[in-house]
Amino acid sequence: MSAARVGEAPGRRELLGLAAGLCLGRPALAQPALLRVGPKQAVRSLASAAQQARDGMVIEVEAGDYVADVASWGRNDLSLRAVGGRVRLIANGAVAQGKGIFVISGQRVSVEGFDFIGAAAPDTNGAGIRFERGSLRLRDCSFAECEMGLLTNNDPAAELEIENCEFARAARRADDRPAHLLYAGAIARLTVSGCYFHHGRSGHLLKSRAAVNHILYNRLSDELGGMASYELEFPNGGRAVVIGNLIQQSATTANAHLISIGAEGYKHADNELWLAHNTLVDNRPREGVYLRVAPGRVRVRAVNNLLVGGGRFSADADWDVRNNPAVDWDAFVLAARENYALKPDSALRGKAVDPGPGPEGFASLRPLRQYQHPRHSVALAGPALHPGALQQP
């Protein structure tokens, strides 16, 4: 049975199908209401679609540029998806609720195939997406030249999942405060996988105050001309599982540290950092530091990570630190082109040790997937045998 579009009366086929289902004594199969958005549709803008949206609706947006078309989404179980190509949302000075291109505050909302470009706001916190509360899943989206790529509220029940997305080229804020590509506040859970973060400006590539963080199979690389601070920070601790990531700081970084936990005080009941099978690259000319752990009640396990460059990795006595070899750029296939796969004849191949189990949900800290450029991940063909993030060509 086909679904009627919003604003239309059900057609004869829909009515007959409903009647037939009732006559047979079975409930009719309810399909989500479908709302189509595009220049040739009855609904031409995202702003109008948001006003007409109802719980459980699927909103299909035709590919193209939508300029100064900002919207607030407060309904539950919404599915927004681009059809026919990319949907580019170009802020051009517009902002919803003074906060962002999209403001989202519903449960079980999904967004797929959208590009958020140039978000700015009067308070200089303009975000591609401002996530207020509820639960949100992003897939195949990008954020570029925004004051904040994605910014969340501090809702302790909120959950955010981001898959195969790109966060790039942080904008210069009018007050010169740090611009973070992804900034998760004090939410319940953050999951980021298969994503590409690059070219920060004074702020962090990824900053999270979430209670639970799963950072899996991503590339966080400041790259040539990048000026990020931390590449990855958990300022209030929490549980952070960081597996299979390529994390690189540029020569022009604004901070000596790649990864940091607890710098603003531990505020969660559980404070743990599980760091396994990552490739950590320090391009800073001197005094780089791979990991900063603030003093306090925190557990750290670091195993099978590759440490590339001249940085320092100073482990406290009570950390569980095993098999994190330091190597130079000549250990890789083509580090000058940022290909950090180990050479075929590398003595490190096959030298990964059993990293042991992780926290709840992780029977092992061995990676199951691998980042694939750009903004994607693929399943490994076999067990992870080598230190570092890259296991197979």
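The values are calculated or read from the model by the stated rules, or taken from the named source; none is laboratory data. These figures come from a predicted structure and were not determined experimentally. Here the Cβ positions follow ideal geometry from the backbone for every residue, glycine too, while neighbour counts run over all protein chains shown. To get the accessible areas, we keep the full protein, side chains included, count just its heavy atoms, and leave off ligands, DNA and RNA. Shrake-Rupley method; radii C 1.70, N 1.55, O 1.52, S 1.80 Å.
Observations
- The residue list Gly382, Gly310 contains one member that is open to solvent by 10 Å² or more (accessible area, probe 1.4 Å), under 23 Å from Val192 (Cα atoms) and not aromatic (Phe, Trp, Tyr), which is Gly382.
- Number of positions in region 322-347 that are within 19 Å of Arg284 (Cα to Cα) and either among the acidic types (Asp, Glu) or under 21 Å from the mean Cα position of the chain (by Cα) (or both): 3
- Note on region 90-124: among residues that are in contact with a Leu (Cβ under 7 Å, 6 or more places away or on another chain) and among the hydrophobic types (A, V, I, L, M, F, W, C), the one that is surrounded by the most Cβ atoms within 10 Å (Cβ to Cβ) is Ile101.
- Of the strands (runs of 3 or more DSSP E) lying entirely inside region 213-261, the ones with 2 or more residues being in contact with a Pro (Cβ under 7 Å, 6 or more places away or on another chain) and within 18 Å of Glu272 (Cα to Cα) are found at 239-243.
- All of Leu220, Leu246, Leu280 fail the test of being over 17 Å from the mean Cα position of the chain (by Cα) and of a type in the set (A, V, I, L, M, F, W, C), apart from Leu280.
- Residue, nearest to Gly118 (Cα to Cα), within region 157-196, restricted to residues that are open to solvent by 30 Å² or more (accessible area, probe 1.4 Å) and among the hydrophobic types (A, V, I, L, M, F, W, C): Ala174
- Considering residues of region 129-151 that are part of a strand (DSSP E or B), touching an Asp or Glu at 6+ places or on another chain (Cβ under 8 Å) and not aliphatic (A, V, I, L, M) only, the residue farthest from Ile117 (Cα to Cα): Ser135
- Count of residues meeting criterion [outside any loop (DSSP other than H, G, I, E, B) and either open to solvent by 30 Å² or more (accessible area, probe 1.4 Å) or under 11 Å from Leu35 (Cβ atoms) (or both)] in region 45-89: 24
- Between Ala363, Ala381, the distinction of being closer than 28 Å to Arg189 by Cα and not in a strand (DSSP E or B) belongs to Ala363 only.
- Under the condition of being under 16 Å from Leu246 (Cα atoms) and either surrounded by 11 or more Cβ atoms within 10 Å (Cβ to Cβ) or among the aromatic types (Phe, Trp, Tyr) (or both), the residues counted in region 329-347 number 11.
- Qualifying position, being touching a Ser or Thr at 6+ places or on another chain (Cβ under 6 Å) and within 19 Å of Leu160 (Cα to Cα), among Leu205, Leu216: Leu216
- Filter result for Arg130 (basic (Lys, Arg) and surrounded by fewer than 20 Cβ atoms within 10 Å (Cβ to Cβ)): no
- Meets criteria (at pLDDT 95 or above, within 11 Å of Ile187 (Cβ to Cβ) and polar (S, T, N, Q)) for Asn153: yes
- Output for region 306-319, where each listed residue is at pLDDT below 95 and either over 23 Å from Pro295 (Cα atoms) or of a type in the set (Asp, Glu) (or both): Gly309, Gly310, Asp316, Asp318
- Among residues of region 237-273 being open to solvent by 10 Å² or more (accessible area, probe 1.4 Å) and among the hydrophobic types (A, V, I, L, M, F, W, C), the one that is modelled with the lowest pLDDT is Ala254.
- Qualifying position, being among the small types (Gly, Ala, Ser), open to solvent by 60 Å² or more (accessible area, probe 1.4 Å), modelled with pLDDT under 80 and closer than 28 Å to Trp73 by Cα, among Gly25, Gly7: Gly7
- Condition met for Ala363 (small (Gly, Ala, Ser), within 21 Å of Arg219 (Cβ to Cβ) and under 24 Å from the mean Cα position of the chain (by Cα)): no
- For the condition open to solvent by 70 Å² or more (accessible area, probe 1.4 Å) and under 18 Å from His386 (Cα atoms), Arg322 qualifies.
- Gly350 vs. criteria over 24 Å from the mean Cα position of the chain (by Cα), surrounded by 14 or more Cβ atoms within 10 Å (Cβ to Cβ) and touching a residue at least 24 places away in the same chain (Cβ under 8 Å): no
- Qualifying positions in region 276-293 - assigned to a loop (DSSP other than H, G, I, E, B) and crowded, with 17+ Cβ neighbours inside 10 Å: His277, Asn278, Asn283, Arg284, Gly288
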